[in-house]
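Trainee: What follows is a structure written as structure tokens; I'll ask about it next.
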Amino acid sequence: MANARKTKVFLAERAVADLREIEAFSTEKWGKVTAARYLDAFDKFFTLVEAEPGILLATPAIESLITHTVEKHVVVCTKWNDDVLVLTIVHSSRELITHLDRLWPTLRSEVEILKKRIQ
């Protein structure tokens with residue numbers, strides 16, 4: 001029996017920039033060790049999503065988006081084929097729907113860029 005293709009997680013440029021901002025802020029506020037532990041939580045989450053993509057929750061207010069909370073952030077993704085595309089990472093203190101609505105045109109472009117990169 002052939003193995004099913006494993007889900008892969010891909011990060012959009014926006015998500016990479018978000019992680020860099022989280023690292024910089026965390027390092028400044030709490031130090032390098034705490035910042036590294038915080039970023040490690042995201043790495044573990046991405047690994048978990050590859051093994052269990054069903055942990056992501058649908059976001060009914062914005063079609064085709066799925067989310068999950070990591071620490072004090074909401075990881076915003078979409079699925080494409082069997083893969084998960086991480087679009088942005090938003091601090092839970094922000095109004096998520098308003099923020100995503102503002103970013104949506106850019107995020108949509110990033111989805112297309114990721115799809116081309118994956119193919």
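We did not get these values from a lab; they are worked out from the coordinates using the rules stated. Please read all numbers here as calculations on a predicted model, not as lab measurements. Glycine also receives a Cβ, built like all others from the backbone with ideal geometry; neighbour counts cover every protein chain displayed.
Trainee: Mind checking the angle between helix 32-51 and the chain's longest principal axis? C-alpha axes, 0 to 90 degrees, to the nearest 10.
Mentor: Between the helix axis and the principal axis of the chain, the angle is about 10 degrees.
Trainee: Moving on to the next point. Label Thr7 and Phe25 with points 7 Å out from Cα along Cα→Cβ: what is the distance between them in nm?
Mentor: Each label point is offset 7 Å from its Cα along the Cβ direction, giving 2.6 nm.
Trainee: Tilt of helix 13-30 relative to the longest C-alpha principal axis of the chain, in degrees (0 to 90, nearest 10)?
Mentor: Result, in degrees: 30.
Trainee: For segment 1-70, state which GluC sites (Glu not before Pro) are in a DSSP loop and have at most 12 other beta carbons lying within 10 Å of their beta carbon.
Mentor: Glu63
Trainee: Separate question: Using 16 Å as the cut-off for backbone N distance, which residues of segment 95-119 belong to the label zone defined by a point 7 Å from the Cα of Glu63 along Cα→Cβ?
Mentor: 101, 104-105, 108-109
Trainee: Lysine pairs in segment 9-118 with alpha-carbon atoms under 21 Å apart, 8 or more places apart or on different chains: how many are there?
Mentor: For segment 9-118, qualifying lysine pairs total 7.
Trainee: Expressed in nm², what is the orientationally averaged projection area of the convex hull enclosing the Cα positions of the chain?
Mentor: About 8.2 nm², averaged over all directions.
Trainee: Moving to a separate point now. Considering only Leu103, Leu65, Leu85, give the residue with the highest GNM mean-square fluctuation for the chain, with springs between Cα atoms whenever their separation is below 10 Å.
Mentor: Greatest mean-square fluctuation among the candidates belongs to Leu103.
Trainee: Using amide H atoms built 1.01 Å from N in the peptide plane, name the residues 5+ places from Val74, or on other chains, whose amide H lies under 5 Å from its own.
Mentor: Here the answer is Val90, His91, Ser92, since their amide H atoms fall under 5 Å of that of Val74.
Trainee: Would you work out if segment 38-83 is rounded, prolate or oblate? Take a ≥ b ≥ c from the square roots of the eigenvalues of the alpha-carbon gyration tensor; rounded if a/c is under 1.5, else prolate when a/b is larger than b/c, oblate otherwise.
Mentor: Cα axes put segment 38-83 in the oblate bin.
Trainee: Using Cα pairs under 8 angstrom and six or more residues apart, how large is the relative contact order of segment 9-118, in percent?
Mentor: That works out to 28 percent.
Trainee: Which whole-Hz ³J(HN,Hα) couplings does segment 86-99 yield from phi under the Karplus relation 6.51 cos²θ - 1.76 cosθ + 1.60, θ = phi - 60°, glycine and proline marked x?
Mentor: The phi angles translate into 7, 9, 7, 10, 10, 5, 5, 6, 7, 7, 4, 4, 4, 4 Hz.
Trainee: Please list, by residue number, every one of the trypsin sites (Lys or Arg not before Pro) in segment 17-97 that is coil in DSSP and has at most 15 other beta-carbon atoms within 10 Å.
Mentor: Loop-located and lightly packed - Lys72, Arg94.
Trainee: Counting other C-beta atoms within 10 Å, which of Ser64, Ser93, Ser26 has the fewest, and how do the rest follow?
Mentor: Ser93, Ser64, Ser26
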